[in-house]
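The next block holds one structure in the form of structure tokens; read it before the comments.
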Amino acid sequence: MSSVLKLAHSPDADDAYMFFGIASGAVKLPVPHVEFLADIETLNRLALEELLDVSAVSVHAFGHICDRYFVMEVGASMGEGYGPVVVAGPGVDKPRHVAVPGHLTTAALLVKLALPGVKTVELPFDRIIDAVAAGVVDAGVLIHEGQITYRRLGLRRLVDLGEWWSQETGLPTPLGIDVVRKALGRELAEKVAKALADSIAYADAHREEALRYAQRFSRGLSLEETARFVDMYVNAYTRTLGARGRRAIEELLARAAEAGLTPSCTPQYV
């Protein structure tokens, strides 16, 4: 094991808010660490090779690595009746090609479960909205701030995948989680989870400062819009999964396995 913890998350407003306490130096991890920021699909693929010690990953990707990583009880991104949105231009009601932000993203998994028969096309998450607006693809699934800004380009929502999931299951939509490599041992994993919980609590206690920091990662959102987006995905399930949050994760993983999209998986939590 490296003596330096490799800690990774997405350069997005909600993750930035969660990690503000650590990034500001107010909260210390139990061992030295280096921070690595990359889009969620890049993190998914690095975790698949077990190259990250602590990382945000998609729940979909976790289905492929659950034998090697613990799920943290803190840091989850879940929507209560909302989630990634499938958008299209005028006149498109039944898309044939839907752009997704990476094969291992939860957004891609939800598209396959909710819209069986459509063909998915992988694009970088920040190019999807432009590809739909230009008519390169019929539709695209938007994550991050695109869920708030798509109407500015004259696009319309075909389906909210979180709304679909809620109608299907009555559970929150489990999109992203934070994981710790099992090879570090449970004791260290629990200390890392406690540090992330403290980091989120520090952001909550210094909300304006944390939101201004998060805005730097929001790709054009105003402070008010940043706060709205952060509050969508840094919520009660972020602060502690609880029984309902765990059920949501396990239900999505069970459906993915049943559809042959991931191996069977029983998560372990810290």
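From the residues in segment 221-251 that are assigned to a loop (DSSP other than H, G, I, E, B) and not aliphatic (A, V, I, L, M), which one is surrounded by the most Cβ atoms within 10 Å (Cβ to Cβ)?
N235
Among the residues of segment 136-143, is any at pLDDT below 90, buried (at least 17 other Cβ atoms within 10 Å of the Cβ) and of a type outside the set (K, R)? Checking segment 136-143: at least one residue is at pLDDT below 90, buried (at least 17 other Cβ atoms within 10 Å of the Cβ) and of a type outside the set (K, R).
Return the residues of segment 1-34 that are in contact with a Leu (Cβ under 8 Å, 6 or more places away or on another chain), of a type outside the set (A, V, I, L, M, F, W, C) and not in a helix (DSSP H, G or I); say none if nothing qualifies. Across segment 1-34, the qualifying residues are K6, H9, S10, P11, P30, P32, H33. Of the helices (runs of 4 or more DSSP H) lying entirely inside segment 64-173, those containing at least 2 residues that are under 18 Å from A259 (Cα atoms) and touching a Phe, Trp or Tyr at 6+ places or on another chain (Cβ under 9 Å) span 106-114. For segment 193-220, a residue qualifies if it is in a helix (DSSP H, G or I) and either hydroxyl-bearing (S, T, Y) or in contact with a His (Cβ under 9 Å, 6 or more places away or on another chain) (or both), and the qualifying residues are S199, Y202, Y213. So K194 ticks every box in (1) of a type in the set (K, R); (2) touching a residue at least 12 places away in the same chain (Cβ under 8 Å); (3) crowded, with 17+ Cβ neighbours inside 10 Å but one. Which box is left unticked? It is condition (2) that K194 fails.
When restricted to residues that are crowded, with 19+ Cβ neighbours inside 10 Å and of a type in the set (D, E), segment 197-220 contains 0. Scanning segment 1-46 for residues that are within 13 Å of the chain's Cα centre (by Cα) and closer than 24 Å to R228 by Cβ turns up H9, S10, P11, D12, A13, D14, D15, A16, M18, D39, I40.
The values are calculated or read from the model by the stated rules, or taken from the named source; none is laboratory data. These numbers come from a predicted model, not from an experiment. Note that we place each Cβ from the backbone using ideal geometry, even for glycine, and neighbour counts take in every protein chain shown.
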